[in-house]
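Trainee: Encoded as structure tokens, here's the structure I'll be asking about.
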Amino acid sequence: MQPAQGAAAMTQTEAIDEFAAAKLAQLDGKSLRRSLEATERGARAHAWRAGADLLSFCDNDYLGLTQDKRVIDASIRAAERYGAGAGGSRLIAGECPLNAAVEERLAEMKQAPAARLFGSGYLANIGVIPVIAGQGDYVLLDSLCHACLHAGAALSGATVARFRHNDVADAARLLENAPSSRRTIVITETIFSMDGDAAPLAALNDLCDAHGAWLITDDAHGFGVAEIENPAPVQMGTLSKAAGAYGGYMCGPQSLAELLINRARSFVYTTGLPPAILGAIYEALAIIRAAPALGEKARSNARLFARLIGAETPAAAIVPLLVGTPKRAMRLSSALKEKGFLVGAIRPPTVPEGTARLRFTFSAAHEEADVRRLGAALQAAMDDAA
Ligand SMILES: *Cc1c(COP(=O)(O)O)cnc(C)c1O
């Protein structure tokens, strides 16, 4: 077939380039373009970027374990013993024995009958939800749930609805008017990633009991940081935040953990975690179990900062400061960087339109004096911007 006249003038690469460049220009125009910055992380929450020594208040390394010598050494030992990569999926290549060791330790710590590891928290959520729910089912999510929970719900093929953030009455209204379905699932987070508040888990669980629904939670920002009473029978989470390594998990009934091996596409059709990561997780879990004071230190740093800026008391280690427009968030974030602090500017679509914010995260690696200096720097940046 002859290419159409004119269209032939552009190669595929040129056409794709034109398409992508136009999309980027749109994002630029709205101050919504994102970019990557080479940043070297080190002990005590230090981060080096473009030659500047900064203190990080934007990562999820809540316990400082990414830089912990014990965790790093365990990771090296595991790589030396088992190799650099898994070599294949856990089902086909046969799995590194560290997988089962980590799953057992995790289940114990979460007081769950069983645990199943995934390649990441994202992969856990998009894998588990479609195993539990499918066409003819009804999935109800908190409107502020993480993108990968929404993605998992969409992938499941179930009818999906969102209830207003942490609003049990709204969830109840939706359940009362639910379409008839085989199964009904309610999904929320324990600690919300961009707001730092806690879900009303007991009330949601009672609601599920009353409607024959099943509660599923994502504990990404709670695990290792906050002791949370969580009655949900199925609990997902990540090992890339407080646990300082990488990977995701589901904790729940043994039969479900077995079913995931058979049905979760993001488990079956992907490579197992590298031994170095498994070794790091195994050691990090031991540290978390032995030292609950680490989580308490991260939380007390967050509480101190919230007091300093007059914000609500945080449920874990995240304190948001809503500033309105993406431009304002970016400007305050760069003012703080000039004063030596790395703080994330969070913009739509990560958060709802009109709620761009600075998101401060706290760690056991911060000292109280660091938090006080950050509070003073923020005050100065806000005064300058006013
Ligand atoms: C970070 C996060 C995830 C994703 O976890 P990864 O291990 O980074 O893929 C999932 N859910 C929530 C709520 C998160 O904050």
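Coordinate-derived values only; no laboratory data. Keep in mind that what you see is a predicted model, and the values were worked out from it rather than measured. Ideal geometry is used to build each Cβ from the backbone, glycine not excepted, and the neighbour counts take in all protein chains shown.
Trainee: Look at Phe305 and say whether it is of a type outside the set (Val, Ile, Thr), in contact (Cβ under 8 Å) with a residue 24 or more places away in the chain, assigned to a helix (DSSP H, G or I) and closer than 25 Å to Gly134 by Cα. Give the derivation first.
Mentor: Details: of a type outside the set (Val, Ile, Thr): yes; in contact (Cβ under 8 Å) with a residue 24 or more places away in the chain: yes; assigned to a helix (DSSP H, G or I): yes; closer than 25 Å to Gly134 by Cα: no.
When the stated conditions are applied, Phe305 does not pass them.
Trainee: Then there is this: Looking at segment 108-120, can you tell me whether even one residue there is more than 22 Å from Cys251 (Cα to Cα) and in contact with a helix residue (DSSP H, G or I) (Cβ under 7 Å, 6 or more places away or on another chain)? Steps first, please.
Mentor: Applying the first criterion (more than 22 Å from Cys251 (Cα to Cα)) to segment 108-120 yields none.
For segment 108-120, residues more than 22 Å from Cys251 (Cα to Cα) and in contact with a helix residue (DSSP H, G or I) (Cβ under 7 Å, 6 or more places away or on another chain): absent.
Trainee: Report yes if Cys58 is in a loop (DSSP other than H, G, I, E, B), in contact (Cβ under 8 Å) with a residue 24 or more places away in the chain, in contact with a helix residue (DSSP H, G or I) (Cβ under 9 Å, 6 or more places away or on another chain) and within 16 Å of the ligand (Cβ to nearest atom), otherwise no. Write out each step before concluding.
Mentor: Values: in a loop (DSSP other than H, G, I, E, B): yes; in contact (Cβ under 8 Å) with a residue 24 or more places away in the chain: yes; in contact with a helix residue (DSSP H, G or I) (Cβ under 9 Å, 6 or more places away or on another chain): yes; within 16 Å of the ligand (Cβ to nearest atom): yes.
Spelling it out, Cys58 is indeed in a loop (DSSP other than H, G, I, E, B), in contact (Cβ under 8 Å) with a residue 24 or more places away in the chain, in contact with a helix residue (DSSP H, G or I) (Cβ under 9 Å, 6 or more places away or on another chain) and within 16 Å of the ligand (Cβ to nearest atom).
Trainee: Ok, one more. Of all residues in segment 173-188, how many are assigned to a loop (DSSP other than H, G, I, E, B), closer than 8 Å to Tyr138 by Cα and polar (S, T, N, Q)?
Mentor: Matching residues across segment 173-188 total 1.
Trainee: Then there is this: Name the residues in segment 80-104 that are surrounded by 13 or more Cβ atoms within 10 Å (Cβ to Cβ), more than 27 Å from Gly252 (Cα to Cα) and within 26 Å of the chain's Cα centre (by Cα), would you?
Mentor: Within segment 80-104, just Gly85 meets the criteria.
Trainee: Hey, among the residues in segment 142-186 that are more than 16 Å from the ligand (Cβ to nearest atom) and charged (D, E, K, R), which one's nearest to Pro352 (Cα to Cα)?
Mentor: Filtering first and then ranking leaves Arg164.
Trainee: Return the only residue of Ala284, Ala293, Ala276, Ala306 being under 20 Å from the mean Cα position of the chain (by Cα) and either buried (at least 19 other Cβ atoms within 10 Å of the Cβ) or more than 25 Å from Trp214 (Cβ to Cβ) (or both).
Mentor: Ala284
Trainee: So which strands (runs of 3 or more DSSP E) stay within segment 197-274 end to end and still have 2 or more residues that are within 16 Å of the ligand (Cβ to nearest atom) and farther than 27 Å from Tyr82 by Cα?
Mentor: Values: elements: 214-218, 234-238, 248-252.
The qualifying strands (runs of 3 or more DSSP E) are 214-218, 234-238.
Trainee: Please identify the pairs in which a residue from segment 37-49 that is among the basic types (Lys, Arg) has its Cβ atom under 6 Å from the Cβ atom of a residue that is assigned to a strand (DSSP E or B) and surrounded by 15 or more Cβ atoms within 10 Å (Cβ to Cβ), counting only partners at least 6 apart or on another chain.
Mentor: Short answer, once both residue conditions are applied: Arg41/Ala47.
Trainee: In segment 322-341, what residues are touching a Lys or Arg at 6+ places or on another chain (Cβ under 7 Å) and in contact (Cβ under 8 Å) with a residue 40 or more places away in the chain?
Mentor: Residue satisfying the conditions is Pro326 alone.
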